[in-house]
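Below you'll find the structure, written out as structure tokens, and then a few comments.
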Amino acid sequence: MGLTIGIVGATGAVGQKMIEVIMERNLPVSNLRLFASEKSAGKTIRLDKYNKEITVELLTEDVMKGKYDYLLFAAGGSISEKFAPIARDAGNMVIDNSSHFRMVENIPLVIPEVNSHVLRGYRGIIANPNCSTTQMIVAIAPLYRKYGIKRIVVSTYQAVSGSGYKAIDELQNQIRDEEYPNKVYTRKIAGNCIPHIDVFNENGFTKEELKMVYETHKILEDDSIEINPTAVRIPVFYGHSESIYLELKEEVDINSIKEILEESQGIIVDDDPEMNRYPTPIEAANTDFTYVGRIRKDLYNPKGLSLWVVADNLRKGAATNAVQIIEAIENIKMEG
């Protein structure tokens, strides 16, 4: 008996990736239903794997009251706020990609490689972390478990696909036409870097940056970690990169660090300076792994460590993580 899965926001960038990942990972789906707003309802989406087309349905309260094994939300916070509780109250498992429920108490914020234990016996709404948080924690969680982490300084270099199809189009148009105006971002993005993602807080940090702080604390269940983030948008289509500095609680041994990372689920270590080996967004695009390179000790602090971390923001940063949550729950069911 296969799964009945619904995707809310199925025509958006993340929703489309969710469909793609479900097909690629051979999730046992017997019924896939796709939902969107009036603007996109009625469109058809072709599933080459099954040689069939699915018509996108209009998102309504009534369709959320149906019976699903899982409902994936990829349509923004306001849609999740309204419709996810309706789906949950109808007895459905909801996996939400927006930021709306991430910091709500008693709603698990999950990266399966890191904290799938919180899913055991749980029913209701599950929050998918921010894309930048996800790849950072996949990379640092094994080191946190081994050494402990006192402080993180992270700078992100984020692809425009994190802002959706309009941002992808804007970058493409600005590459072709230097005079093409910026509409999605505060500055022209082609040939530029913009140190501004989401709105600014009174303390000078942006909402995107503060997400990385609070979500990391929640997922690792440790509010003592000091985190100083800077989030930057760059003219790359797919794949976020991060420069991460860790101050661990024990002295660093590079060989041990590499061994731990190489043995950790979801991580590929690509680190060979002599051969110019290090990950970039092009290699990470359309994959589900978190890539780590440029692994090196602090020149002055024996407990300091620098990493370069890259992942596909639409896949591991969003769609794949959501599908992996389904896989984790199904595995827990089989284990009893």
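The values are calculated or read from the model by the stated rules, or taken from the named source; none is laboratory data. It should be emphasised that the depicted structure is a prediction, and the values quoted were computed from it without experimental measurement. Every residue, glycine among them, receives a Cβ derived from its backbone with ideal geometry; neighbour counts consider all protein chains shown. For accessibility, only protein heavy atoms count, side chains too; no ligands or nucleic acids. Shrake-Rupley method; radii C 1.70, N 1.55, O 1.52, S 1.80 Å.
May I ask you to list the residues in the stretch 52-74 that are out of contact with any Lys or Arg (no Cβ under 8 Å at 6 or more places or on another chain), over 20 Å from Arg315 (Cα atoms) and assigned to a strand (DSSP E or B)?
The answer is Leu58, and nothing else.
Just for the stretch 86-105: of the residues that are part of a helix (DSSP H, G or I) and charged (D, E, K, R), which one is nearest to Ala10 (Cα to Cα)? Walk me through it before giving the result.
Residues of the stretch 86-105 that are part of a helix (DSSP H, G or I), as a first pass: 86-89.
Those still in the list that are charged (D, E, K, R) too: 88-89.
Values: Arg88: 19, Asp89: 22 Å.
It comes out as Arg88.
Specify the residue that is nearest to Phe289 (Cα to Cα); the eligible residues are those in the stretch 118-173 that are small (Gly, Ala, Ser) and assigned to a helix (DSSP H, G or I). Quick ask: steps written out before the conclusion?
The first filter runs over the stretch 118-173 and keeps only residues small (Gly, Ala, Ser), leaving 121, 124, 127, 132, 139, 141, 148, 155, 159, 161-164, 167.
This time we only want the ones that are assigned to a helix (DSSP H, G or I), so: 132, 139, 141, 161-163, 167.
Details: Ser132: 14, Ala139: 10, Ala141: 15, Ser161: 18, Gly162: 17, Ser163: 21, Ala167: 24 Å.
If we take residues in the stretch 118-173 being small (Gly, Ala, Ser) and assigned to a helix (DSSP H, G or I), then Ala139 is nearest to Phe289 (Cα to Cα).
Need pairs with beta-carbon distance below 7 Å; first residue farther than 16 Å from Met18 by Cα and within the stretch 297-319, second of a type in the set (Gly, Ala, Ser) and open to solvent by 40 Å² or more (accessible area, probe 1.4 Å); sequence gap 6+ or separate chains.
Trp308/Ser243
Sort out which residues of the stretch 25-51 are in a strand (DSSP E or B) and either open to solvent by less than 70 Å² (accessible area, probe 1.4 Å) or touching a Ser or Thr at 6+ places or on another chain (Cβ under 9 Å) (or both), and write them in order of number. It would help to see each step written out before you state the result.
Just the residues of the stretch 25-51 that are in a strand (DSSP E or B), to begin with: 29-36, 44-47.
Scanning the stretch 25-51 gives Val29, Ser30, Asn31, Leu32, Arg33, Leu34, Phe35, Ala36, Thr44, Ile45, Leu47.
Can we say Tyr278 is without any contact (Cβ under 8 Å) to a residue 40 or more places away in the chain and either touching a Ser or Thr at 6+ places or on another chain (Cβ under 6 Å) or under 30 Å from Gln174 (Cβ atoms) (or both)? So that I can check it myself, show each step before the final result.
Working: without any contact (Cβ under 8 Å) to a residue 40 or more places away in the chain: yes; either touching a Ser or Thr at 6+ places or on another chain (Cβ under 6 Å) or under 30 Å from Gln174 (Cβ atoms) (or both): yes.
Here the answer is yes, as Tyr278 does meet what is asked.
In the stretch 220-243, which residues are at positive phi and buried (at least 18 other Cβ atoms within 10 Å of the Cβ)? Give the derivation first.
First pass over the stretch 220-243, keeping only residues at positive phi: 221, 239.
Correct list: Gly239 only.
Scan the stretch 106-117 for residues that are open to solvent by less than 10 Å² (accessible area, probe 1.4 Å) and part of a helix (DSSP H, G or I) and jot them down.
Passing the criteria: only Asn115.
Can Phe83 be described as part of a loop (DSSP other than H, G, I, E, B), modelled with pLDDT of 95 or more and closer than 12 Å to Ile125 by Cβ? Let's see the steps before the verdict.
On the way: part of a loop (DSSP other than H, G, I, E, B): no; modelled with pLDDT of 95 or more: yes; closer than 12 Å to Ile125 by Cβ: yes.
So Phe83 does not fit the description; no.
If you take the residues in the stretch 155-187 that are over 30 Å from Lys249 (Cα atoms) and aromatic (Phe, Trp, Tyr), which one is surrounded by the most Cβ atoms within 10 Å (Cβ to Cβ)? First the steps, then the outcome.
Residues of the stretch 155-187 that are over 30 Å from Lys249 (Cα atoms), as a first pass: 159-187.
From what's left, aromatic (Phe, Trp, Tyr): 165, 180, 185.
Details: Tyr165: 14, Tyr180: 16, Tyr185: 18.
Step by step, filter the stretch 155-187, then rank; the result is Tyr185.
Conditions tested, residue by residue: (1) under 20 Å from Gly148 (Cβ atoms); (2) touching a His at 6+ places or on another chain (Cβ under 9 Å); (3) modelled with pLDDT of 95 or more; (4) of a type in the set (S, T, N, Q).
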| position | (1), (2), (3), (4) |
| --- | --- |
| Ser224 | yes, yes, yes, yes |
| Ile227 | yes, yes, yes, no |
| Val232 | no, yes, yes, no |
| Val236 | no, no, yes, no |
| Gly239 | no, no, yes, no |
| Glu250 | yes, no, yes, no |
| Ser256 | yes, no, yes, yes |
| Leu261 | yes, no, yes, no |
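Ile19: open to solvent by 30 Å² or more (accessible area, probe 1.4 Å), at pLDDT 95 or above and under 19 Å from the mean Cα position of the chain (by Cα), yes or no? Let's see the steps before the verdict.
Details: open to solvent by 30 Å² or more (accessible area, probe 1.4 Å): no; at pLDDT 95 or above: yes; under 19 Å from the mean Cα position of the chain (by Cα): yes.
No: the conditions fail for Ile19.
Using the structure shown, decide if Ile152 is surrounded by fewer than 24 Cβ atoms within 10 Å (Cβ to Cβ) and of a type outside the set (Ser, Thr, Tyr).
Numbers: surrounded by fewer than 24 Cβ atoms within 10 Å (Cβ to Cβ): yes; of a type outside the set (Ser, Thr, Tyr): yes.
When the stated conditions are applied, Ile152 passes them.
Looking only at the stretch 191-209, decide whether some residue is at pLDDT 95 or above, in a loop (DSSP other than H, G, I, E, B) and buried (at least 19 other Cβ atoms within 10 Å of the Cβ).
Pass one, the stretch 191-209, residues at pLDDT 95 or above: 191-209.
Now narrow it down to the ones that are in a loop (DSSP other than H, G, I, E, B): 191-193, 195-199, 201-205.
Retained after the next criterion (residues that are buried (at least 19 other Cβ atoms within 10 Å of the Cβ)): 197.
Yes, there is a match, as at least one residue in the stretch 191-209 is at pLDDT 95 or above, in a loop (DSSP other than H, G, I, E, B) and buried (at least 19 other Cβ atoms within 10 Å of the Cβ).
Report every pair of residues separated by at least 6 positions or lying on different chains whose Cβ atoms are under 7 Å apart, first residue within the stretch 185-199 and on the phi < 0 side of the Ramachandran plot, second hydroxyl-bearing (Ser, Thr, Tyr) and loosely packed, with under 15 Cβ neighbours inside 10 Å.
Ile194/Thr186; His196/Thr186
How many residues are within 16 Å of Trp308 (Cβ to Cβ), in contact with a helix residue (DSSP H, G or I) (Cβ under 7 Å, 6 or more places away or on another chain) and of a type in the set (D, E, K, R) when one looks only at the stretch 240-270?
1
Quick one: what pairs do we get from the stretch 27-47, first residue under 15 Å from Leu72 (Cα atoms) and among the charged types (D, E, K, R), second part of a loop (DSSP other than H, G, I, E, B) and open to solvent by less than 40 Å² (accessible area, probe 1.4 Å), C-beta under 9 Å, 6+ apart or different chains?
Arg33/Ala10; Arg33/Gly66; Arg33/Tyr68
From Glu81, Glu53, Glu38, which residue is closer than 27 Å to Cys131 by Cβ and of a type in the set (Asp, Glu)? Before the answer, list the steps.
Details: Glu53 fails: closer than 27 Å to Cys131 by Cβ; Glu38 fails: closer than 27 Å to Cys131 by Cβ.
From the options Glu81, Glu53, Glu38, the qualifying one is Glu81.
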